[in-house]
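**Student:** Encoded as structure tokens, here's the structure I'll be asking about.
The values are calculated or read from the model by the stated rules, or taken from the named source; none is laboratory data. In this text, all values refer to a predicted model and were calculated from it rather than measured experimentally. Here the Cβ positions follow ideal geometry from the backbone for every residue, glycine too, while neighbour counts run over all protein chains shown. Just so you know, the surface numbers come from the protein's heavy atoms only, side chains and all, with ligands and any DNA or RNA stripped out. Shrake-Rupley method; radii C 1.70, N 1.55, O 1.52, S 1.80 Å.
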Amino acid sequence: MIKKLLLTTILGTTGFLYAKVNAVVSILPQKTFVEAIGGDKVNVALMVKPGNSPHTYEPKPSQMKDINNADIYFSIGVEFEEAWLPKFASQNKKMIIGNIAKGIEKLPMAEHHHDEDEHKEEKEDHNHEADKHEEHDHDEHAEHELEHDALDPHIWTSTANVKIIAKNIYNYLVKIDSKNKTHYKNNYEKFLEHINQTDITIKKILIDTATGTKFMVFHPSWGYFARDYGLIQIAIEAGGKNPKPKQVAYLIDEAKEEKVKAVFTAPEFSDKVATQIAKEVGIPVIKVSPLNPKWSENLIQLANAIANK
Ligand code: ZN
């Protein structure tokens, strides 16, 4: 008893017993996930501030303070991490780098199909060779996981993926702060229930939406959402570039043919081309960011817009 009291006093004075876990995350939805499971036991600092793109973000010098104080960096595999994670790791050698994308199978990034069409026209006589070359590329990507520039990093737009993300976050928090395991476990289970409810709600909304229904977006960030619900994402932008005028004309035709109901854009990108296409087709532009911290409401809003409800 006395021993225990003494220990409590010592640890209490050093602040250890009451210290929260300091975590850093790359993007806003991750903050939502970590806070859902960590509750009041975890402080979460955000790297990519709202309105910025995680593909090109450059942390501000002041953000290095968050890295210095961090117990863990939750990485999710967005592009800027490639350049910055090694710098963060050498800045704070005690910080754990927790990969919360672990166990998620990534999809290939949406290719610019119009470029492919042009490619085919040019190479019509050498079709066989072209096919061979493509197969070779795919093999290489499977072998070298580091070449993930061709893989879609927007994994959090899928409820199935968020379940895996949540499990990873839970495991890391228990590893760092095992004395609060019950707290994390309760929150984790509550969060899983919330993910399931989100999935059920989306399925109900899309019940009359035919499999293979196409929706048009500027930035191709909804590939996993599309996969989960049997939809097809048509991207205006590809490889981070605006389409050429010929491709814009093609997209307008495609939107009309496929009776696309709206063009989705995100505030992180210019909506000039999206607005032009929407105007030509006579459909609205709807802003929906994959980086919205209210990730559940956000997916439900997208489903509603696709279902035209
Ligand atoms: Zn993106």
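**Student:** Does any residue of region 112-134 turn out to be modelled with pLDDT of 95 or more, away from the ligand (no atom under 16 Å from the Cβ) and either in the same structural domain as Y188 (by TED's automatic domain parsing) or open to solvent by 40 Å² or more (accessible area, probe 1.4 Å) (or both)?
**Tutor:** no
**Student:** Could I ask something else about it? Answer with yes or no whether G223 is over 30 Å from G39 (Cβ atoms), within 16 Å of the ligand (Cβ to nearest atom), open to solvent by 30 Å² or more (accessible area, probe 1.4 Å) and of a type outside the set (A, V, I, L, M, F, W, C).
**Tutor:** No: the conditions fail for G223.
**Student:** A follow-up question, please. Anything in region 66-79 that is more than 14 Å from the ligand (Cβ to nearest atom) and either at pLDDT below 95 or in contact with a helix residue (DSSP H, G or I) (Cβ under 7 Å, 6 or more places away or on another chain) (or both)? List them, or say none.
**Tutor:** Those that are more than 14 Å from the ligand (Cβ to nearest atom) and either at pLDDT below 95 or in contact with a helix residue (DSSP H, G or I) (Cβ under 7 Å, 6 or more places away or on another chain) (or both): I67, N68, D71, I72, Y73, F74, S75.
**Student:** Might you let me know whether region 275-295 holds any residue that is in contact with a His (Cβ under 8 Å, 6 or more places away or on another chain), aliphatic (A, V, I, L, M), crowded, with 16+ Cβ neighbours inside 10 Å and at negative phi?
**Tutor:** Within region 275-295 (the criterion being in contact with a His (Cβ under 8 Å, 6 or more places away or on another chain), aliphatic (A, V, I, L, M), crowded, with 16+ Cβ neighbours inside 10 Å and at negative phi), the answer is no, since none of the residues qualifies.
**Student:** When you scan region 229-250, how many residues do you find that are in contact (Cβ under 8 Å) with a residue 60 or more places away in the chain and buried (at least 18 other Cβ atoms within 10 Å of the Cβ)?
**Tutor:** The total comes to 7.
**Student:** When you scan region 80-90, do you find a residue that is within 16 Å of the ligand (Cβ to nearest atom), touching a Phe, Trp or Tyr at 6+ places or on another chain (Cβ under 7 Å) and either in the same structural domain as N292 (by TED's automatic domain parsing) or not in a helix (DSSP H, G or I) (or both), even just one?
**Tutor:** The answer is no, given that none of the residues of region 80-90 is within 16 Å of the ligand (Cβ to nearest atom), touching a Phe, Trp or Tyr at 6+ places or on another chain (Cβ under 7 Å) and either in the same structural domain as N292 (by TED's automatic domain parsing) or not in a helix (DSSP H, G or I) (or both).
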